[in-house]
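Derivation of every value follows stated rules applied to the coordinates shown; laboratory data play no part. Just so it is clear, the model here is predicted, and its values are computed rather than measured. Using ideal geometry, Cβ is built from the backbone for each residue, glycine included, and neighbour counts are taken over all protein chains shown.
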Amino acid sequence: MGKKRLITGVVATAEAVRLADVDVISSYPIRPYTGIMSELARMIADGEFDAEFVHAEGEHAQLSVVYGASAAGARTFTGSAGVGVTYAMEVYSPISGERLPVQMAIADRTLDPPGDFGSEHTDAEVCRDQCWIQGWAATPQEALDLTLLYYRIGEDANVLLPQYACQDGYFVSHITGEVDVPERAQVREFLPPYKNKHKLDIYDPQIIGAQIEPNMGPPLQYQRVLAMRNAKKVIKDAYTDYNRIFGRNYSPFVEEYMTGDADVVIFLQGAHSQTAIDVAKRLRNHGEKVGVVRLRTYRPFPTEEVRDALSKFKVVGVVDNSANFGIAGGGGDLLTEVRTALYDEGDKVKTVGFVAGLGGEAITRDEFYRMFDKLQDVAKTGKVSQNAYWVPFEL
Amino acid sequence: MDYEAEKLFEEPGMIQITTWARGVLQNKDARDVVFALANAASKEGKYVQAWENYVDLPDRVNVPVRSYAKISPKPIESRYIYENENPDVVVLTEETLVKGVSVLEDLKPGGVLIVNTKRDSKYILQFLDDTSNLGMLGCVDATGVAGYVKTLSGAEGATDASGIGAGVGAVLAGAIAKAKEIVKLDDLLDAVKNKEACKYGYENVKLMNVNNPNEAASAVKTRENKYGYDTLPFAGTVHSPKKENKGMVTGSWKTKRPVFDKDRCKGCLMCWLDCPDGAVLKTDEGFVDFDLKYCKGCGICVAVCPAGAVTMVPELDFVN
Amino acid sequence: MLENIKTIKNVPDEEYYVSGHRTCAGCGPALVYRLVAKAAGPNTIFLGPTGCMYVANTSYGCGPFAVPWMHTQITNGGAVASGVESAFKAMIRKGKYTGERPHVIVMAGDGGSSDIGLQALSGMLYRGHDVLFICYDNESYANTGIQVSPTTPWGAVTTFTPSGSKAEEGNKLWPKDNAQLIAHGHPELKYLATASIAYPIDLMNKVRKGLNAQGPAYLHIQAPCPKGWQFDSDKTIEMAKLAVDTGMFQLYELENGKYTVTHTPKKRRPVKKYIEMQGRFSHLKPEHIEKMQRFVDEKQKAMEVEVTAISQVAPIN
């Protein structure tokens, strides 16, 4: 095993980038992800590893730089947060459409107004339809692991898709946690060098991105659909290998905590899942039959796995840490996606939404307690009187 | 369900008009033809659509482009598709379009072709590829009485500031009205600016019967998927060409072709260097040769030749 | 190092921008591409921001580039090129690529250079990437059907600047001089030049000088457009020559901080000769033409001075 260090999410991410021997990095500062880039700059200046560090003039340029570098055959890394993520929006689809497996770290943050630094999943979720692999790390350890996993998954010849490696801003990015930093040899075993015959090469000249007519549209889009579908199997295998080589115990899609005989569960992704688990443990000590199901992979959304995990319960509370204004169901994005996954279960499973932690406010243990309490009410009465509750105003 | 799509979605009585033109120089007149007829038909209580082919845009100088009209006694259901599937009438704003451009593709059996030309109908006929569905050919010298309206106004769906039917388009609209009963002449004259030109087209188009196809008009074309997701190259990426881009052969763009007088040539090679399409080739003796496969007939070679060794001759003067 | 081309007989035969593209008959930018590709040779990667030279060249999913080529957004030609160049730097240094380091050339239109693409161009120059950025200037957003861009001349008609009772002159804005804009203030800029298809050998040599420079280079090439400027397709070269002869476009290069005028017309012709040949100016009245003449006279005066500090042409009202 490697050495254990007490480091923040941003440092853990930077360590992974170093271990992955990334070739081109494009930087631009925005809180709370900036630390990743500062750390990488320090490593490069100190000779700890070698990469081109490009000071892009903005987030849109950051993504453009790695688009070009990846097309030339390099392994690339970039990152952002909040409105930086939305500023680069134009480039996400060209990157996934040209099948360039760049990686972008998102230490998430609320969108303006008004420039609140606090953590929300909103910024990263806005990108959910761009055909990038996406998921959240809940601890600094997971931040490191996710980075390595995503290079392996994204660069797989049957996938070739870019990845958003997300972590909750501040909660994961800025707070230290115990991290086992692997050895280079372990990483080499897990992550092969990046190879892509689809590239800019004067010895095999190709025209990438020629203008097409509408009749070429459907097959081109469908190629990406298939890549996303292939990704599921690749994700599963990658996690299996990762667990074996690095001694982890991750489930690739959903993880269940104390769900054995649970009547009600909370379903969520990201760092707040850890708080939810601790609250569930406490309530269990008092004999309450509660549990937590954590979503690990957000895109491709693991519909069957979510259905299999959640169909066992009477009531599921879906916690969204994002502002999806005007969405069907009036809650958040995860609520709508879970309901789609549970469609075949009909009325058997009742789902209730909670939109919490907005603006970067912590979701307190007390709030989780009240959510579990509300779910138990629903279980007792068998009625969902309100689709979704905006915490704390409506709970 | 077991319906035949073609029969299920029949739109009897619908007339489709497709106008072909040379991009930038004549697309306004192509629009005028379809808008004039559509507007006139609309006044008469018909349901209409008039639009430019989107995929032909952006139009480039000389590239073949299309405009469409649909005129129907009933509300048009096939309204959001890219092209006219089976034109009843095809109109060419310029005569060279008969050569090397599939203008009669999917023509309804018994369909009408109207061509802006001074030449004899039989001469024109020899250039068309598959004329088995062609019922009638109409020739009219529109350019003799009106000019092409060259303008940017009206492009990309915006309003035509110059109005409709000031030039060649009006003549051709008139010719259509004579060749096929679609609208009354008076209603058409109301729809165009240049009523003299329109009347001229109506009165002077020379109509000639060609074939007499027996089939009843067929209607709906089911979409053929040209590309499967597995036959489309990965991410749409293609290998770079070595000598020529065969996917875009442009020889059919030219209305005039360069004719080379080797005796006058001084071997200065300016035409070779200045051809945007690389259609002038160097020979081993230090002179040049003209590659008509890609030549668009822009005429730059003539303009830069110091020795008068190149002249532009109408493409249709040449049978091959 | 690419050699200087002495005469037309020394121009290489090989084409790297081959026949078969959906550009207008008589397209100025297409000729620019052909000459640039010829001058650059086979060890070249082209980046094509959205614009005429993207859409017209690669319509129907194929293209005329015999060398590697990739599409970029109209916004980011300079940034993508920075990424490509950085990748080769890193891969060569780390032993992940053992081939020749390729030339990297961006072929951007005036929009992709002076307007929506300006920021990325500036970032690339500031960081000193070894990339040649070429602006083929047809003085409008041409691909979308001719709309005003920052290099559209004052008094030109476009679909966004039509002439009407409330807008007699058409375009009311004086154009940006993108070459001058970026020439001063980017300390890493190694070579800058303007060029014209009227002087094709000069153009190709400037391309080669730009590629030979160890660092960023910028070429601003005027490329007359029969569709947008509204002239017959055989007049493209004549129009380019007239632009230089009237002073509407000036040919110079900036190397090691020193300006050299690379071509001066023997006698500067009145701007009226240029204006009356183009439909986009056909609405102009004599007082408008006088204004244009004054603008050109001022530009010419500025060019005749030894420029080491920031130069600026005063706006004419």
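Applying a 4.7 Å cutoff between beta carbons, the unpaired cysteines of chain C are C:Cys52, C:Cys62, C:Cys135, C:Cys225. Among the residues of B:14-27, the average count of other protein chain beta-carbon atoms within 10 Å of the residue beta-carbon is 1.
The magnitude of the dipole of the protein assembly as shown, with charges of +1 and -1 set on the Cβ of Lys/Arg and Asp/Glu and taken from the Cα centre, is near 1440 debye. Considering only A:Val265, A:Leu226, A:Asn249, and ranking their Cα positions along the charge dipole of region A:218-271 that arises from unit charges at the beta-carbon of Lys, Arg, Asp and Glu, the one farthest toward the positive end is A:Leu226. Neighbour counts of C-beta atoms inside 10 Å place C:His21, A:His60, C:His288 in the sequence C:His288, A:His60, C:His21, starting with the fewest. Here is the short version for chain B: B:Cys139, B:Cys198, B:Cys265, B:Cys268, B:Cys275, B:Cys295, B:Cys298, B:Cys305 have no other Cys C-beta closer than 4.7 Å. Counting only residues at least eight positions apart within a chain, or on another chain, the aspartates and glutamates with an alpha carbon under 13 Å from that of C:Lys6 are C:Asp202.
Each part gets one Cα centre, and for region A:356-395 versus region C:43-79 those centres are 52 Å apart. Give me the percent relative contact order of chain C, please, defined on Cα pairs under 8 angstrom at least 6 residues apart. Averaging sequence separation for qualifying contacts and normalising by length gives 17 percent for chain C. One chain, two ends: A:Ala41 and A:Thr381. Fully extended at 0.36 nm per residue, the span grows by 116.7 nm beyond their Cα-Cα distance. The alpha carbon centroids of region B:108-125 and region B:254-320 are separated by 30 Å. Filter the cross-link list C:Lys9/C:Lys301; B:Lys254/C:Lys235; C:Lys38/C:Lys94; C:Lys258/C:Lys301 down to pairs whose alpha-carbon distance in this structure exceeds 27 Å. Correct reply: C:Lys9/C:Lys301; C:Lys38/C:Lys94. A Gaussian network model of chain C, with springs between Cα atoms under 10 Å, assigns the largest mean-square fluctuation among C:Val11, C:Val32, C:Val207 to C:Val11. Positive-end ranking of A:Leu149, C:His220, B:Ile114 along the dipole of the protein assembly as shown, with charges on Cβ about the Cα centre, is headed by C:His220.
Across region B:275-310, the residues whose backbone nitrogen lies under 11 Å from the label position 7 Å along the beta-carbon direction of B:Asp261 are B:307-310. Under a Gaussian network description of chain A, with springs only between Cα atoms under 10 Å, the residue in A:Met37, A:Met371, A:Met216 that fluctuates furthest is A:Met216.
In the protein assembly as shown, a dipole from Cβ-located charges (positive for Lys and Arg, negative for Asp and Glu) runs towards its positive end, and of A:Ala379, B:Tyr82, C:Phe65 it is C:Phe65 whose Cα lies farthest in that direction. Modelled this way, with points 7 Å down the Cα-to-C-beta line, the labels at C:Val261 and B:Phe9 are 6.6 nm from one another. Measuring between alpha carbons in the structure, the pairs from B:Lys178/B:Lys256; C:Lys241/C:Lys266; B:Lys28/B:Lys74; C:Lys241/C:Lys299 lying more than 20 angstrom apart are B:Lys178/B:Lys256; B:Lys28/B:Lys74. Only Cα pairs under 8 Å and 6+ residues apart enter the sum, and on that basis the relative contact order of region C:81-134 stands at 49 percent. Taking the Cα centre of region A:174-330 as reference, the dipole from Cβ charges on Lys and Arg (+1) and Asp and Glu (-1) amounts to some 160 debye. In the elastic network of chain A, a GNM with C-alpha springs shorter than 10 Å, the most mobile of A:Pro302, A:Pro193, A:Pro218 is A:Pro218. For region C:126-197, a crude dipole built from +1 on the beta carbon of Lys and Arg and -1 on the beta carbon of Asp and Glu, taken about the Cα centre, is about 140 debye to the nearest 20. Sorting C:Val104, B:Val33, B:Val249 by the number of Cβ atoms found within 10 Å of their own Cβ, with the fewest placed first, yields B:Val249, C:Val104, B:Val33.
In this simple spin-label model, placing a label point 7 Å from the Cα along the Cα-to-Cβ direction at both C:Glu100 and B:Ser162 gives a separation of 4.9 nm. Neighbour counts of other Cβ atoms within 10 Å put A:Phe77, B:Phe260 in the fewest-to-most order B:Phe260, A:Phe77.
For region A:157-170, backbone phi angles converted through the Karplus equation (6.51, -1.76, 1.60; θ = phi - 60°) give residue-by-residue couplings of 4, 8, 10, 6, 10, x, 9, 9, 8, 9, 8, 5, x, 6 Hz, Gly and Pro being listed as x. Note on A:197-204: average number of Cβ atoms from other chains within 10 Å of each residue's Cβ is 6. A Förster radius of 51 Å, combined with the Cβ-Cβ distance separating A:Asn285 from B:Tyr229, puts the computed FRET efficiency at roughly 0.40. Peptide A:50-63 has a mean shielding of 6, counted as Cβ atoms of other protein chains within 10 Å of each residue's Cβ. The aspartates and glutamates whose alpha-carbon is closer than 19 Å to the alpha-carbon of B:Lys195, local same-chain residues fewer than 8 away aside, are B:Asp29, B:Asp32, B:Glu44, B:Asp141, B:Asp160, B:Glu181, B:Asp186, B:Asp187, B:Glu203.
Loop-located chymotrypsin sites (Phe, Trp or Tyr not before Pro) in region B:1-104 (DSSP state not H, G, I, E or B) with no more than 15 neighbouring Cβ atoms inside 10 Å: B:Tyr3, B:Phe9, B:Tyr54, B:Tyr80, B:Tyr82. In chain C, the calculated helix contribution to ellipticity at 222 nm averages -10000 deg cm²/dmol per residue, counting -39,500 (n - 2.57) for every DSSP H run with n ≥ 4.
First measure r as the distance between the Cβ atoms of A:Thr240 and B:Thr131, then evaluate 1/(1 + (r/R0)^6) with R0 = 41 Å and state the FRET efficiency to the nearest 0.05. Efficiency, rounded to the nearest 0.05: 0.05. With R₀ fixed at 41 Å, the C-beta to C-beta distance from B:Glu83 to A:Asp308 puts the FRET efficiency at about 0.30.
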